[in-house]
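**Q** After the structure tokens below, expect a handful of questions from me.
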Amino acid sequence: MAIDRATIKIGPCKVSHDGATQFFPDGGVLAVSKVFVDIEVDAFGVMLRAHTDTTIEFTGTPKAWTTPAKLNPYASMAMGTLINGAVDKPLVITPINGKPLTIAAAAVKTPPNLMLSASKPMFGSCTWVGVLANNTAWSAAGARYSFGADASGVALTGLVKADMAFCTWAGVLGGVGFEHEDGIAIDFNVQLDEVPSDSFGIIDYSFGGIEVSVKYVPIGIGESAHLDALGIQGGTVARGDSAAVSSLVVTGSGTRSVTVTGLAQRSAGSRYHRAQKRVGEIELVSNRDHTAGVLNALFTLV
């Protein structure tokens, strides 16, 4: 058996989706899998495997702070909204060599968490999920993906060096500025529900909610004030009280900015160690609010 080296492709890529281009510090991974339902007989075990669905996901860690809202479209999405909807948004993987791959209909399934720090990468990993193109037969050509023409030495344009630069981030919680020890971590927990069809499998995902949590170690606050800010004793504190909420605004260099609203402080801690500062990490979690029945934006990424 002979091997044609022209069939061996190695090299990085860029990804374009919803008008934004993403590059990755350690590459990206496309995972395509059939979903089987096993047809089993007691006497013989699994006799057949029925192909009932297909999953397509692309995962990578974005590198540059450019159009960050494109990586997380869930700030003000209404409950039950289909994340793909009636208008497909293709995801295009363009490699430096080989065939560009277009996923016909894609949406962000797992938005990247943030680390706002002068010395750490800004984004966690992001996963996009592909589904059957809208109003398309299961067996249609290009129903889920299509390849372009083979090429080599492709120019991967669109990366701006300034968008990758680290910067300091200034935090303001409830109108009061604070300094942080080692960055501000913001995590996004999105709930999505499958929208199935017996003939087509999963045709989309519906938005079921999102929770945002914020963690950081403050500097310049006394140990008693640190714990007192939790509001767990004294005054009119009573079991069942609604937690007080504040907005967090974090600004970086240029126009970089992150705002998270409706945050309630959930925890605080102290560290008793020969090298660590006494005041420890605090955690805040989000609460949703609405105006005349319409959800307010939970966060803003600029």
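**Q** Just checking, how many residues over segment 117-151 are modelled with pLDDT of 95 or more, surrounded by fewer than 17 Cβ atoms within 10 Å (Cβ to Cβ) and either over 25 Å from residue 195 (Cα atoms) or not small (Gly, Ala, Ser) (or both)?
**A** Going through segment 117-151 one residue at a time, the tally reaches 12.
**Q** Follow-up question, since we're still on this one. So, residue 82, is that one aliphatic (A, V, I, L, M), over 19 Å from residue 24 (Cα atoms) and touching a residue at least 40 places away in the same chain (Cβ under 8 Å) or not? Working first, answer last.
**A** Working: aliphatic (A, V, I, L, M): yes; over 19 Å from residue 24 (Cα atoms): yes; touching a residue at least 40 places away in the same chain (Cβ under 8 Å): yes.
Against the criterion (aliphatic (A, V, I, L, M), over 19 Å from residue 24 (Cα atoms) and touching a residue at least 40 places away in the same chain (Cβ under 8 Å)), residue 82 qualifies.
**Q** Taking segment 64-100 as the search range and keeping residues that are buried (at least 17 other Cβ atoms within 10 Å of the Cβ), within 22 Å of residue 159 (Cα to Cα) and hydroxyl-bearing (Ser, Thr, Tyr), which one is modelled with the lowest pLDDT?
**A** My answer is 66.
**Q** Taking strands (runs of 3 or more DSSP E) that do not extend beyond segment 198-302, which have at least 3 residues that are over 30 Å from residue 107 (Cβ atoms)? Walk me through how you get there before you give the answer.
**A** Details: elements: 201-216, 246-251, 257-270, 279-286, 299-301.
By residue number, 257-270, 279-286.
**Q** Would you say residue 127 is among the polar types (S, T, N, Q) and either under 28 Å from residue 215 (Cα atoms) or not in a loop (DSSP other than H, G, I, E, B) (or both)?
**A** Answer is yes for this residue.
Residues checked against (1) in a strand (DSSP E or B); (2) more than 20 Å from the chain's Cα centre (by Cα); (3) under 30 Å from residue 302 (Cα atoms):
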site: 24; (1), (2), (3): no, no, yes
site: 30; (1), (2), (3): yes, no, yes
site: 37; (1), (2), (3): yes, yes, no
site: 43; (1), (2), (3): no, yes, no
site: 48; (1), (2), (3): yes, yes, no
site: 53; (1), (2), (3): yes, yes, no
site: 59; (1), (2), (3): yes, no, yes
site: 63; (1), (2), (3): no, no, yes
site: 66; (1), (2), (3): no, no, yes
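**Q** Of all residues in segment 207-239, count the ones that are on the phi > 0 side of the Ramachandran plot and exposed (fewer than 13 other Cβ atoms within 10 Å of the Cβ).
**A** Within segment 207-239, residues that are on the phi > 0 side of the Ramachandran plot and exposed (fewer than 13 other Cβ atoms within 10 Å of the Cβ) number 3.
**Q** Condition first: charged (D, E, K, R) and either under 14 Å from residue 146 (Cα atoms) or over 14 Å from the mean Cα position of the chain (by Cα) (or both). Now tell me which residues in segment 68-107 satisfy that.
**A** Within segment 68-107, 88, 89, 99 meet the criteria.
**Q** I want to confirm something. Restricting to segment 85-111 and keeping residues that are small (Gly, Ala, Ser), without any contact (Cβ under 8 Å) to a residue 60 or more places away in the chain and not in a strand (DSSP E or B), which single residue is farthest from residue 300 (Cα to Cα)?
**A** Step by step, filter segment 85-111, then rank; the result is 104.
**Q** So which residues in segment 138-156 are assigned to a strand (DSSP E or B) and among the hydrophobic types (A, V, I, L, M, F, W, C), if there are any at all?
**A** Of everything in segment 138-156, those that are assigned to a strand (DSSP E or B) and among the hydrophobic types (A, V, I, L, M, F, W, C) turn out to be 147, 151.
The values are calculated or read from the model by the stated rules, or taken from the named source; none is laboratory data. These numbers were taken from a predicted model, which means no experiment stands behind them. Quick reminder, even Gly has a Cβ in these numbers, built from the backbone with ideal geometry, and neighbours come from all protein chains shown.
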